[in-house]
Each structure stands twice: as structure tokens, then as C-alpha cells.
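Asks: I'd like to ask some things about the structure below.
The values are calculated or read from the model by the stated rules, or taken from the named source; none is laboratory data. Because the structure is a prediction, the values reported are computed rather than measured. Every residue, glycine among them, receives a Cβ derived from its backbone with ideal geometry; neighbour counts consider all protein chains shown. Just so you know, the surface numbers come from the protein's heavy atoms only, side chains and all, with ligands and any DNA or RNA stripped out. Shrake-Rupley method; radii C 1.70, N 1.55, O 1.52, S 1.80 Å.
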Amino acid sequence: MPSIQSRLLNGLLRSLMRPRINEKTSATEVRDRIERLGGLLSKPWPHQTVSKTELGGVPCDYLEQPGAHPARTLLYLHGGGFMFHAPDTYHSFLGHLCSLIGTSAWLPDYRLAPEHPFPAAPEDCLAAYRGLLDKGIAAENIVVMGDSAGGCLTLVTLQQALKEGLPMPACAVTLSAVTEGYSPSASYIANRNRDPMFSQRATMLFRDSYLPPATDATDPRVSPYYGDFTGFPPLLMFVGSTEMLLSDTIGASRKAALQGVSVHAQVWKSMAHVWPLFRQLPEARVGRATIAKFINQALDNPAGIELPEEIPQGWVTMNTFPS
């Protein structure tokens, strides 16, 4: 049973977000509405320092925490349907996560649709990852993570890095990732009226803004599900049971496992899209601790990933696919 806070959030999103984003909404309107929603998330993390810089030529926020390990870092690829970015909404989340894993974090401001449609975003994210390596940061000390569209870009970045012969990071984490390019998957249909945040009309807006006409939706840079996961580092994937994107996580995690990747897929009961960002939720606190433990074990002992056992029974269904 989800917490009362989660049920209240789902109701809020269903009334304020879901009806207000559709194929007729302009990019400006979407960005304004997301910025207002960001007030629920954008609380500064204590002692965090945020500086504007660049990584591989891509503008970034660089987030530092006191006592962070100098050789370890987190590359976080933000969500937003490939068309909006509210960096303040991520600062508190990343500050908390970095305090749990003892790292700094980079938050790239990759180019956004519709002004910069596909393939601008995956090009920028790969450039940012390459930029970390060019700074002399060892791949085994890097974590790549992303939510929603950023979850897609996380998987795409690793697939493209492998194609270019770049080394893999210690691990990767996705939250409510887009993996099948807005195709009508099983959960896209089954959860179209259950998803508390987005409707099918919203996905049409994101798709049409991001993908130029005649773009092949099975291009792995659009839909990493259709790419090759062979050689991936350990992978942790979160998704809510009522999300339209449920099948995206399940399908990609199963395919990665079949290709030899150590994958941990968690389906959280009745949780909203990218819920770990909402600090008010008990499930977010548990989710952040789960992510932190996964990352810490990957950084310290890449061969021995284990997940915590503290998740309350009934909150989550966990599928572990060993390599």
C-alpha cells in the first residue's frame, strides 16, 4: 500500500498536471507549468555548492558536497520529455544522493526540443560523458544516472560509448526511463488512464517535439531498447506500477539481462513518475537509500552488487537478473 503522502501526490498530479499537458500545449506553457511544480522539489541541500561550468562543451551545473571523494563523480542526465529542464528541482535530490555516496555531481544542460530536436540531446550527453573521461576521471569511478527522458539518454549514452570504444562507468541507474520511443507498448495501453502524471496526449506532445518527421522510432539513439546492451555495467532500474512507461523498464531490463548484464529492476506499487525526486514521500527516502547502496557497492566492489532488504513488503516487486 503506498503511503498517504504518495496518494495525495498522485491526486495532485492527476488534477494539476495530467489535464494540462497535451499535443496542443506549447513548449513555453509546458516549461512554465513544470517550473511551478518544481516548487515542490527545489529546496537547497545544506552546504551544497553549485557552479556553472561546462563538460565536453556542454553547459553544466557542477554540484559539490563537503567531503566528496575527489576521484568519484555522478553524471546525472535530467528528464523533461526532451523539451524542458528545471535544474533547481534536481539540486536538492542530487545534494542528498551525493551526501549518501560521497561524490560530486554534474548536471548537463543538454540542448532541448523543439528548438533542438533529435539527435541534439544524445550528442550532448555523449560529449559530457567523454568530457569526464578527458578530465582524467577513471570510468570505474563514474556513475551515470537519469530520469524519464534522461533515463533514455543514460542508456543511449552507454550504448554509443561502447560503439566508440569508450570504457564503461561503474554502474548506471534509471528512473521511469523511456526506452521504446513512445511506441504503444502493453503498459502504454493498460495504464493510459492509471498514470497519475501523464496521458497519451502528453506523450504525443513530447514525441512530436523531439523527433523530426520520418525519424525511425527504432533507431537505438531514440529507443535504446532496440540497441545492444552487451558490455553494460550493473544496472538499477526503477518504475511505478501504474506508469505508462512500465513496459519500457521491464522490456529493457529483460533484454539487457539476456545479453549478459547484471540488472536489478524494481516496480514500485502505484508510484508516480520519477517519485524519488519528491523528498516528501517515505518511498522517496527508501528509494534514495536503495540507489545509494547500489552505487556504493558498485564503486567499491563492482562484482558484488546486492540490494538492501529494508524495502517494506508490498511496496515493490524486485526482479534481479544475474549476469
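Asks: Please specify each residue of segment 93-109 satisfying the condition of being open to solvent by less than 40 Å² (accessible area, probe 1.4 Å) and not in a helix (DSSP H, G or I).
Replies: Selection gives Gly102, Thr103, Ser104, Ala105, Trp106, Leu107, Pro108.
Asks: Oh, and also: Are any of the residues in segment 87-103 more than 19 Å from the chain's Cα centre (by Cα) and either at negative phi or not charged (D, E, K, R) (or both)?
Replies: Looking for residues that are more than 19 Å from the chain's Cα centre (by Cα) and either at negative phi or not charged (D, E, K, R) (or both), one finds at least one in segment 87-103, hence yes.
Asks: Residue by residue through segment 242-279, note down the ones that are part of a loop (DSSP other than H, G, I, E, B) and under 15 Å from Asp195 (Cβ atoms).
Replies: Residues satisfying the conditions are Thr242, Glu243, Met244, Leu245, Lys269, Ser270, Met271, Ala272, His273, Val274.
Asks: Let me ask something else about it. Any residue at all in segment 160-181 that's open to solvent by 20 Å² or more (accessible area, probe 1.4 Å) and within 16 Å of the chain's Cα centre (by Cα)?
Replies: Yes; the residues of segment 160-181 include at least one that is open to solvent by 20 Å² or more (accessible area, probe 1.4 Å) and within 16 Å of the chain's Cα centre (by Cα).
Asks: When you look at Val239, is it in a strand (DSSP E or B) and open to solvent by 10 Å² or more (accessible area, probe 1.4 Å), yes or no?
Replies: No; evaluated as a whole, the condition is false for this residue.
Asks: Could you list all residues from segment 271-284 that are farther than 10 Å from Ser176 by Cβ and in contact with a Lys or Arg (Cβ under 8 Å, 6 or more places away or on another chain)?
Replies: Arg279
Asks: Which residues, counting only those in segment 242-272, are within 23 Å of Arg207 (Cβ to Cβ), open to solvent by 10 Å² or more (accessible area, probe 1.4 Å) and either touching a strand residue (DSSP E or B) at 6+ places or on another chain (Cβ under 8 Å) or among the basic types (Lys, Arg) (or both)?
Replies: Passing the criteria: Leu245, Leu246, Ile250, Lys255.
Asks: Also, I was wondering about something else. Restricting attention to segment 218-236, and to residues there that are under 18 Å from Asn319 (Cβ atoms) and of a type in the set (A, V, I, L, M), which single residue is surrounded by the fewest Cβ atoms within 10 Å (Cβ to Cβ)?
Replies: Among those that are under 18 Å from Asn319 (Cβ atoms) and of a type in the set (A, V, I, L, M), it is Leu236.
Asks: Still on this structure: With the checklist (1) in contact (Cβ under 8 Å) with a residue 12 or more places away in the chain; (2) open to solvent by 20 Å² or more (accessible area, probe 1.4 Å); (3) within 27 Å of Ala214 (Cα to Cα) in hand, flag the one item Asn141 doesn't pass.
Replies: The one condition Asn141 does not meet is (3).
Quick grid of which residues meet (1) in a helix (DSSP H, G or I); (2) touching a residue at least 60 places away in the same chain (Cβ under 8 Å); (3) of a type in the set (Ser, Thr, Tyr); (4) open to solvent by less than 20 Å² (accessible area, probe 1.4 Å):
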position	(1), (2), (3), (4)
Ala71	no, yes, no, no
Tyr76	no, yes, yes, yes
His91	yes, no, no, no
Arg111	no, no, no, no
Pro122	yes, yes, no, yes
Leu132	yes, yes, no, yes
Ile137	no, yes, no, no
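Asks: Also: Only one residue in Leu112, Leu107 is within 22 Å of Ala139 (Cβ to Cβ) and in contact with a helix residue (DSSP H, G or I) (Cβ under 8 Å, 6 or more places away or on another chain). Which one?
Replies: Answer to the check: Leu107.
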